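What follows is a single structure, written as structure tokens, with notes after it.
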Amino acid sequence: MSLIEINNLKVHYPIRSGFFNRVTDSVKAVDGISFNIEKGQTYGLVGESGSGKSTTGKSVVGLEKVTSGSILYNGVDITSEKNRKKLNYNRDVQMIFQDSLSSLNPRKRIEDIIAEPLRNFEHLSKNEEKMRVLRLLDIVGLSVDALYQYPHQFSGGQRQRIGIARAVATNPKLIVADEPVSALDLSVQAQVLNFMKKIQREFGITYLFISHDLGVVRHMCNNIAIMNKGRLVEVGSRDDIYNHPLHIYTKRLLAAIPQIDVDHREEHREKRLQIEKIYQEQSSKYYDQNGLAYPLVKVSSMHSVALPPQEAKKYSEKEVEV
Amino acid sequence: MWKTILRRILIMIPEIIILSIIVFLLAKAMPGDPFTGSINPRAGVAQIHHLMEVNGLYDPWYQQYWNWVVHLFHGNLGESYQYNEPVTRIIGQRAVNTLWLSLFTVVLTYLIALPMGIYAGRHEGKLPDTVIRFYTYVTYCIPFFVILVLGIWIFGYVLGWFPTTGSVSPTANGTFATIGSRFYHMLLPGILGALFGTVNIVQYLRSEVVDAKSSDYVRTARAKGVPINDIYRHHIFRNSLLPIAAFAGYSITGLLNGAIFTESVFSYPGMGLLFVNSISYRDYTVITALVLLFGILNIFGTLLSDIILSIVDPRIRIE
């Protein structure tokens, strides 16, 4: 059974207007997505800003009020707060945020920040708690002095590692990492990412890795989902997405990765322009009349793409033949 | 921490010196003199001149200032022209009254305002928030002395629940009766001052809570799995208290300003009433002493605010 099963998840924000502040419309941040998360894997959720990937991540952690659909954790729907409480859900599912400074309470010491999840779920003595915090600091490579310091006294990379120490404090099974390295420079990015991989090996953690940086996602994730306008457009393994993209949006996204290969600069440019041209010509074909992606269609055991109905038929027929 | 406080105290010394010069010169710049009103009709202009000269009021200002400062350091603020008593004794008696009334008012204000601010912020946009905001705006719009006069009329005269003048009943005998009577006299001005002085605290606290509610570290706390009530207690409340803490020091001086209204309307023998009387009698020695006292309290109020801030917010401390 999957660790997390997301079924037709929808998160809509109401728009209120008029004299009586009535709900007149809604922003469809996430509009019906489904996917499964298996234990021990790393999943990448990629998309442009505003595509709803952060909202999906927050819903998985339980920070977002879900409009409809369900998120099953070991078979229990955790979209209701009652179930989350009963399961001690947030002991098993934690989150890492992009902005390491603002997401740490500026008036709390590192000791309190890291110990707080422990205090919520485990009743440790002062001494045990301190030992746990020290061990966590040791895992993320910070010195003992850090205990009594405040978040603003650290560098960005150190702060992000504090955020990770806080997230792994309760030995979670799943960590949702919402753009954990986007605010860091490249050398620190590598440091934090390798570190995340290390703790994954040690503790068998599952990651849901939200990013718009395709290079980082390629480095981190075995499975990748591409989001656009609140819907999934393509889901597949790393190889499927990077080497055999089928959806026009994925192709365009991949073409946007800057190449450091200067010798073939012109070729890359031409390729990009070509894809852009195809996108301009065919984008109406890949999206329905409301400009939204079609439902996903399985093209192989791992790979699903949001194809228009006529093309989808081809694949489903083929599947029958096989 | 201690370095920060020491530095702040050292800065206060020149502040107080400049303040004392300004206070002294302003008091001297007032038209009129302390004797005209108090001598009998048969005394001539010459007699006033004589009194002025004896009291050194014709000396150049720096000489007068110097005399005043020298006396100040001997604990001697001069004698009141109006009461013919040492100024220190006159102020001392009344300062205690004002202090108790101010303390009572400030404690009551915070007791009312803090829960209201947090509640309004937590339920932003809902009915309780609207009601609380409406209440604070209404109290803010009505001038304070109007409230005092209305209050004294309704609760003092019409209903007769509270005494309307003085700080203690002359018939009270024994320690407990006296304390009880003092408290009874403070109730109405204290409650009115508290009920109508909440607007700043409530509004600041409310907007801080609303800000903090959507901040990233609160999101982090929720992701950690902290129960919502604990989030309010440990994360939002402490962070939202910052501007309120900054406010606390200043609110001391604000209360002294309020005391001028309250004590005048209630004939409450405190520093505010003394101040108003001294101005109308041109009682220079009392006026300068009081303004200096208010000024010094103001400076100490800011010091207190800075100290509270550096305790509440670790980022403000100077290493």
> Residue by residue through region B:220-235, which ³J(HN,Hα) values in whole Hz follow from phi under the Karplus form 6.51 cos²θ - 1.76 cosθ + 1.60 (θ = phi - 60°), with glycine and proline marked x?
Replying inline: 4, 4, 5, 5, 5, x, 6, x, 4, 5, 5, 4, 5, 6, 8, 9
> Where does the Debye-calculated log10 I(q)/I(0) of region B:178-319 sit at q = 0.12, 0.21 Å⁻¹, using only Cα point scatterers of equal weight, no solvent?
Replying inline: -0.69, -1.24
> Taking the Cα atoms only, what angle lies between the long axis of helix B:61-73 and the longest principal axis of chain B, rounded to 10 degrees?
Replying inline: 70 degrees
> What residue among A:LEU186, A:LEU104, A:LEU137 shows peak mean-square fluctuation when chain A is described by a Gaussian network model with Cα springs under 10 Å?
Replying inline: A:LEU186
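Tell me what chain A gives for mean residue ellipticity at 222 nm when only DSSP H runs of n ≥ 4 count, each as -39,500 (n - 2.57), the sum divided by the residue total, rounded to 500 deg cm²/dmol. It would help to have the intermediate numbers written out before the result.
Values: 12 runs with 133 residues, N = 322.
So the helix-based figure for chain A works out to -12500 deg cm²/dmol.
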> If you average 1/r over every pair of different alpha-carbon atoms in chain A and take one over that average, what Kirkwood value in Å do you get?
Replying inline: 21.4 Å
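Heavy atoms only, probe 1.4 Å: what % of the accessible area of chain B goes to carbon and sulfur, would you let me know?
Values: 11710 of 17170 Å².
Accessible surface attributable to carbon and sulfur in chain B totals 68 percent.
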> A:ASP185: net charge of surrounding residues, Cβ under 14 Å, Lys/Arg +1, Asp/Glu -1, itself excluded?
Replying inline: 0
>> Compute accessible area for region B:199-233 by itself and then with all protein chains, 1.4 Å probe, and report residues whose area falls by 20 Å² or more.
In response: B:ASP216, B:TYR217, B:ARG219, B:THR220, B:ARG222, B:ALA223, B:LYS224, B:GLY225, B:VAL226
>> If you average 1/r across every pair of different Cα atoms in region A:30-77 and take the reciprocal, what Kirkwood value do you get, in Å?
In response: 11.9 Å
>> Within region A:190-279, count lysine pairs with alpha carbon atoms under 30 angstrom apart where the residues are 8 or more positions apart or belong to different chains.
In response: 7
>> Give me the net charge for the shell around A:ASP288: Cβ to Cβ below 15 angstrom, other residues only, Lys and Arg +1, Asp and Glu -1.
In response: +2
> Between region B:160-212 and region A:182-243, what is the C-alpha centre distance in whole Å?
Replying inline: 62 Å
> How are the Cα pair distances of region B:92-171 distributed, in percent, across 5 Å bins from 0?
Replying inline: 3, 12, 13, 18, 20, 15, 10, 6, 3, 1, 0
> What does the accessible area per residue of the protein assembly as shown come to in Å², with a 1.4 Å probe and no ligands, DNA or RNA counted?
Replying inline: 52 Å²
> For region A:38-227, what mean projected area does the convex hull of the alpha carbons give, in nm²?
Replying inline: 10.8 nm²
> Among the aspartates and glutamates, which have Cα under 13 Å from the Cα of B:LYS28 when same-chain residues fewer than 8 positions away are ignored?
Replying inline: B:ASP59, B:ASP283
> Which lysines have a Cα less than 28 Å from the Cα of B:LYS3, not counting those fewer than 8 places away in the same chain?
Replying inline: A:LYS108
> Using just the C-alpha positions of chain B as equal point scatterers, what log10 of I(q)/I(0) does the Debye formula give at each q in 0.06, 0.10, 0.16 1/Å?
Replying inline: -0.30, -0.75, -1.32
>> As a test question: what accessible area, to the nearest 10 Å², does B:TYR83 have when a 1.4 Å probe is rolled over all protein chains in place?
In response: 80 Å²
>> As a test of the definition: with a 1.4 Å probe, what buried accessible area, both sides summed, do you compute for B against A, in Å² to the nearest 100?
In response: 2100 Å²
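Which entries in the list A:LYS10/A:LYS65; A:LYS28/A:LYS313; B:LYS126/B:LYS224; A:LYS65/B:LYS224 go over 21 Å, if you measure between the two C-alpha atoms of each?
From the list (A:LYS10/A:LYS65; A:LYS28/A:LYS313; B:LYS126/B:LYS224; A:LYS65/B:LYS224), the Cα-Cα distance tops 21 Å for A:LYS28/A:LYS313; B:LYS126/B:LYS224.
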> Reported to two decimal places, what Rg/Rh ratio describes the protein assembly as shown when computed on Cα atoms with Rh from the Kirkwood expression?
Replying inline: 1.16
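The values are calculated or read from the model by the stated rules, or taken from the named source; none is laboratory data. Note that the coordinates shown come from a computational prediction; the quantities given were computed from them, not determined experimentally. Glycine gets a Cβ as well: all are built from the backbone with ideal geometry, and neighbour counts include every protein chain shown. The area values use the complete protein model at the heavy-atom level, side chains included, leaving out ligands, DNA and RNA. Shrake-Rupley method; radii C 1.70, N 1.55, O 1.52, S 1.80 Å.
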